[in-house]
Structures are given as structure tokens and as C-alpha cells.
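Have a look at the structure below before the remarks.
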């Protein structure tokens, strides 16, 4: 009986030792697993922290870049504002100069009109008229003052009127002169002139020759033009209307070079 008991005791001891050795091994494995899990979590957290730090650094860099860009844009805006202010000031100055020039031209033409009207005051309204139109001074000379019907030869009374006009014109500066011949609508044909075009042009040329050759007006400042019947001032269906249309106009225009310089500078 003692031997089996001994064997049983021995087996018990062995089993106890086995169970004792197994217990700590499993706990250790569990602990190691937890450690490994914690280590992974720590590594992940560190990675996330690094990502956050990287993003924060990138955000700071973007902020700095935005601040730099904003500063550049503010400088550009200041430059644009300064340039705009200069442009507005220049435009205002140009407009002021332009207005002064226009007022000066108006004054010159008004004075010229008055001077011519005074020089020709001895002639009646049905012989000539002096007026301003579109900024130009017009001296409209009726056919009855200058020519016989169908002729381009200026009568003595007409030459006297042109002499008075030339005295005023020769005292002007920066004034250009256009002589326009006009007829009524009745067709004409003679040995000298084929039609109203030739007659109106010949009459304008006669005035130009008298003003330049006889009275010394500068040929560089005068032009002749014939306009035939196509620019009437009154209907051609009455004798009075046709008489008004048979005229020669002396058109005085200011020199606009300075005005153009201001406009296109």
C-alpha cells in the first residue's frame, strides 16, 4: 500500500509543478500581448502627432505665404491707386486746358465776327450777312453784290467789300479761310461754263485770286471750293429763295492744332 501511495504523491507533486509552471507562462503571454498592443498604439499616436505637427507647420507656412501675398497685393493696390489718382489728375488737367482752349477759340471767333461785321456795316442785309455756325465765322456774299448773272467777274462794289474783308483777315493769326461758291437749281450752260459746278467753282476761284493777289492774303491759308446747287439755304421754288442760294461764302475756321494736341497727347 505504501508504494502506490508514494506513486500517487509523486504524481501529485508533478502535477502541482506542472500547473504552477503553466500559470505564470500564460500571464506572461497576456502581459506581453498587452505591451505589444500598447506599443503599437503609442507608435500610431506618435505618427498621428507627427502628422499633426506637419500639418500645423504647413498651415503656418501657408499663413506666412498668404501674409506675403497680401502685402504684395496691398503694395500693388497702392500703386494702382496712386496711378489712378495721377491719371484722374492728368485727365482733369487736360479737360481744364481743353475747356480753356475752347473758351479762347470762342472768344477769338466772336471778336472776329464783330470786327468783320463792323468793317462791312455799310452793306445791306440782302447783300451780305455775318454769323457764327459750328464754331466758324461765315461771311455770306450775295450774287447781286459780287457778280452779274452767269459771270465769275467780281463787280467794283464787290471788290470794295472784299477789300474791307481783307483788311480784317490780314490782321488775324491762326485762321484758315475757305471760299465756297453756290448756285441755285436752275441748270445753266454757256460758252464759258458747262454747268453750275463750273460756275460755282470759278466764282470761288475769283474771290481767292482777289484776296491773295490784290489784297495780300496768305495763299497758304485759303482754299477754293465749288458746291453747285446742292447746299441751298432756302427752297428753290421762289425767286427770293433762288436769289438767296446764289451766294459765295467766306468761311473762317480757327486753327485747331493746339486743340488736337491736348486731345491726343
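The values are calculated or read from the model by the stated rules, or taken from the named source; none is laboratory data. All values derive from a computational prediction rather than experimental measurement. With ideal geometry, Cβ positions are generated from the backbone for all residues, glycine too; neighbour counts draw on all protein chains shown.
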* Asked: Picking from 179, 132, which residue would you name as being touching a strand residue (DSSP E or B) at 6+ places or on another chain (Cβ under 9 Å) and either exposed (fewer than 12 other Cβ atoms within 10 Å of the Cβ) or more than 26 Å from residue 209 (Cβ to Cβ) (or both)?
  -> 132
* May I ask you to list the residues in region 198-240 that are out of contact with any strand residue (DSSP E or B) (no Cβ under 6 Å at 6 or more places or on another chain), touching a residue at least 24 places away in the same chain (Cβ under 8 Å), more than 12 Å from residue 182 (Cβ to Cβ) and buried (at least 16 other Cβ atoms within 10 Å of the Cβ)? => 198, 202, 206, 210, 211, 215, 217
* If you go through region 154-173 one residue at a time, do you hit one that is assigned by TED's automatic domain parsing to the domain that holds residue 246, buried (at least 17 other Cβ atoms within 10 Å of the Cβ) and closer than 22 Å to residue 236 by Cα? -> no
* Of the numbered conditions (1) modelled with pLDDT of 95 or more; (2) under 24 Å from residue 135 (Cα atoms); (3) assigned to a helix (DSSP H, G or I); (4) in contact with a helix residue (DSSP H, G or I) (Cβ under 8 Å, 6 or more places away or on another chain), residue 204 satisfies every one except a single condition; which is it? -> (4)
* Report, ordered by the first and then the second residue, all pairs with beta carbons closer than 6 Å, sequence separation of six or more or different chains, a first member in region 166-186 that is over 19 Å from residue 143 (Cα atoms), and a second member that is assigned to a strand (DSSP E or B). => 175/252; 176/253; 177/222; 177/252
* Is it the case that some residue within region 8-31 is more than 30 Å from residue 254 (Cβ to Cβ) and either assigned by TED's automatic domain parsing to the domain that holds residue 134 or at pLDDT 70 or above (or both)? -> yes
* Please indicate, with yes or no, whether at least one residue in region 138-150 is more than 16 Å from residue 244 (Cα to Cα) and in the same structural domain as residue 245 (by TED's automatic domain parsing). => no
